[in-house]
Every structure is written in C-alpha cells, then in structure tokens.
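The values are calculated or read from the model by the stated rules, or taken from the named source; none is laboratory data. Owing to the predicted nature of the structure, the values given are computational and were not obtained by experimental measurement. Methodologically, a virtual Cβ is constructed for each residue, glycine included, from the backbone with ideal geometry; neighbour enumeration extends over all protein chains shown.
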Amino acid sequence: MKIAKIARVSVLAGALLCLVTGASARQNILGLDDMSCAAWQAAQNDPEQRAAYVAWLRGFLSGHNYALPKQQVSTISSGTIELNIKRYCSTTRDGNLSDAAMRLSDEFSGRNQPIRK
C-alpha cells in the first residue's frame, strides 16, 4: 500500500515538474536590433524606421494568427497598431515592443488576458 502511495506521489510530482518546466521555457522572439520603447520614441521623426517597427508588429500578429487559429487577431490597420504602440510606450517607458505586441494580440484577439511569458 505504501509503495502505491509513493508511486502516485512520484507521478504527480513528475507531472507538476513537467508543467512548471514547460511554463517557464523562455520565448525566443526575433525582432529588430533595438526593440525598446526608447528606440520607438527616438524614431518619432523617422517614417522609415517607424514603418519597419509596424511591419514587424504586423508580422508578429500574423504569427499569432498562425499559432492560434481559434483566437484570431481581426484585421487591424497600421495606424491602429502605431497608436497602440505609442500609448503603450508612453505609459511603459522602459518597455519592449515585443511585450507591446503581446498585449496587442491579447486585446485584438478577444483574449484580454495578462501577458504570459
């Protein structure tokens, strides 16, 4: 009887370890050289640089749609993306555009959940 109980506890502990290990896996997000809100702010008068950031964000949202077909980000204009990034970076000065992209995907896919890394 004690061996069966130890086996169940071991299996449960192993399952929990797998869940925790899987949840803490680091995401490798590929982006432009500087994805900080400071760089976004510095590019305020550089339409080409801003366009590169918006294009990256559109690609990120497309990747979201590919990965989560049941939680699609609806059609979103570049102007809406830029407005949301401006808003995010004005309130989160030390923020990162990849975090802003995750927030956008949550908001526009209907998830409205906090960021989970």
In the stretch 48-91, anything in contact with a Lys or Arg (Cβ under 8 Å, 6 or more places away or on another chain), over 13 Å from Asp106 (Cβ atoms), surrounded by 14 or more Cβ atoms within 10 Å (Cβ to Cβ) and of a type outside the set (Val, Ile, Thr) is listed as Glu82
Cβ pairs under 6 Å, 6+ apart or interchain, first in the stretch 68-83 and of a type in the set (Val, Ile, Thr), second assigned to a loop (DSSP other than H, G, I, E, B), ordered by first then second residue, are Val73/Ser109
Arg111: passes all of (1) closer than 21 Å to Ala38 by Cβ; (2) modelled with pLDDT under 90 but (1)
Of the residues in the stretch 33-47 that are surrounded by 16 or more Cβ atoms within 10 Å (Cβ to Cβ) and assigned to a loop (DSSP other than H, G, I, E, B), the one that is nearest to the chain's Cα centre (by Cα) is Met35
Please verify whether the stretch 94-104 includes one or more residues that are polar (S, T, N, Q), at pLDDT 85 or above and under 17 Å from Cys37 (Cα atoms).
yes
Picked from the stretch 48-76 (must be hydrophobic (A, V, I, L, M, F, W, C) and part of a loop (DSSP other than H, G, I, E, B)), the residue farthest from Ala101 (Cα to Cα) is Leu68
Looking across the stretch 1-52 at residues that are at pLDDT 90 or above and aliphatic (A, V, I, L, M), the single one that is nearest to Glu82 (Cα to Cα) is Ala51
